[in-house]
1. Using only Cα atoms, tell me the angle between helix 391-411 and the longest principal axis of the chain; keep it within 0 to 90° and round to the nearest 10.
2. Take the Cα atoms of segment 175-218, build their convex hull, and give its volume per residue in Å³.
3. Sum -39500 (n - 2.57) across every DSSP H segment of at least 4 residues in the chain, then divide by the residue count to get the 222 nm mean residue ellipticity, nearest 500.
4. Across the chain, how many lysine pairs separated by 8 or more positions, or lying on different chains, have Cα atoms within less than 25 Å?
5. Would you mind telling me the antiparallel percentage of the DSSP bridges in the chain, rounded to 5?
6. Which of the trypsin sites (Lys or Arg not before Pro) found in segment 294-391 are loop residues per DSSP with 11 or fewer other Cβ atoms within 10 Å of their Cβ?
7. Please name which of ILE410, SER3, HIS209 has its Cα lying farthest along the dipole of the chain towards the positive end, using unit charges on Cβ (Lys, Arg +1; Asp, Glu -1) and the Cα centre as origin.
8. For a paramagnetic label modelled at 7 Å from the Cα of LYS388 toward its Cβ, which residues of segment 329-358 fall within the zone defined by backbone nitrogen distances under 20 Å?
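No value in this document is a laboratory result; all are computed from the given coordinates. Since this is a predicted model, take the numbers as computed values, not measurements. Note that each Cβ is placed from the backbone with ideal geometry, even for glycine, and that neighbours are counted across all protein chains shown.
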Amino acid sequence: MISACICTIGDEILIGQIVDTNSSMIARALQDKGIAVRRMVSFGDDGDAILSNLDKELNDNDIIIVTGGLGPTKDDITRESLRVLSGSRGYKRDAAQEAEIRRILSSRGLDALQINLDQALVPDNCEVIVNHLGTAPIIIVSRDGHRLYSMPGVPYETAGALGDMLSDIDSHFSTEDIYHKTIMTYGIAESALSNLIAPWEDALPEWLHLSYLPDPITGVRLRLSAYGCDHAVAEKVISERLEGLKEILGSYIYSMQDDSLQAVVGRLLKERCETLSAAESCTGGEIAHLLTTVSGSSAYFLGSVTSYAIEVKQKVLAVPAQLINEHGVVSSEVAAAMAEGVRRLTGSTWAVATTGLAEGDDDRNPEGTVWVGISGPNGTFTSRWQYKSSRQINIKRFAATALNELRLRIINY
């Protein structure tokens, strides 16, 4: 199998000033091509460290993807390291990248300064892939059949150049045939899921590999991967095995493709020509945010009320004060009243509500408690959940759990 290493360059990554999202994006793209990422390494803006690390990885791997370090400022020293690595004696000006630099700057109403134009200077032994979204080109170092791609550090520029880089890889390497199938689950922890499907997993053919990919919003993603076999054969065998998995997991499975809960809920509502509204307290608008990330959500999502204060619950959603006094804000009764209130207010088919404690506790509930209320054509239902994470993660889990509860109520109606 073709091997690869992903290198990130920049002091800002090592000190935690920015989060490296490029590596995961690149790794997924390489994996889908049947290229094995053997290592991910990071190092700072130091010329000796850059040169020695890249030289080692270029010897050890077929493909090296580098992000960061290329830019117009003096602290960007990656280009000089690439010159030494490639055995170049000097630099050449890439006309295509210079034209892109002028076009980009002109479109922003900026003058093309020499410091910008000099980004089109590349080591004379290197190849270039034009960056159409930024000023730094993708520089390619080729040595003994191995190829190093130096990508821009800005994530959207890296994403934009990924297709051109993968096309170049295709033209220089014979990658192994690979087939992936993704199954999305929610409402069951990774460990419990693993125990539940252990006999099924043990019976998989040796050439089929199962991966568990947990996430607080999407749940546990199961990915079946077949390497080095015909796509039609892999698809047939996987399809047959998945019938058994469906019988075991039932409604824990919410999609048989790489998906999100909000997208699945949206499709269910559109299929039924039904609508949705939300009343959020502890989630602070996270449910509405997730729903509206889906293109076309205006067809079914009418709106939401972020009723963080008790007064808003009472005045806007018509939650009775007596209900709050008797049962507390974080309760089944208030969650139900919130859902019914926003459904009545908007005229939606369905409504989802959350009230809970993302941080801290009260005299009735421990930290991490959330009550979810679902109101729909078949009545109003509530459920209680508890999570033990940070405030930010708890909010995400609360919102995802509410969407999953809504999904289950819709499909069982």
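1. 60 degrees
2. Looking at segment 175-218, the number lands at 92 Å³ per residue.
3. Rounded to the nearest 500, the figure is -12500 deg cm²/dmol.
4. 11
5. Once the DSSP bridges in the chain are tallied, antiparallel ones form about 60 percent.
6. Passing both the DSSP loop test and the Cβ count: LYS388.
7. Result: ILE410.
8. Answer for segment 329-358: 356-358.
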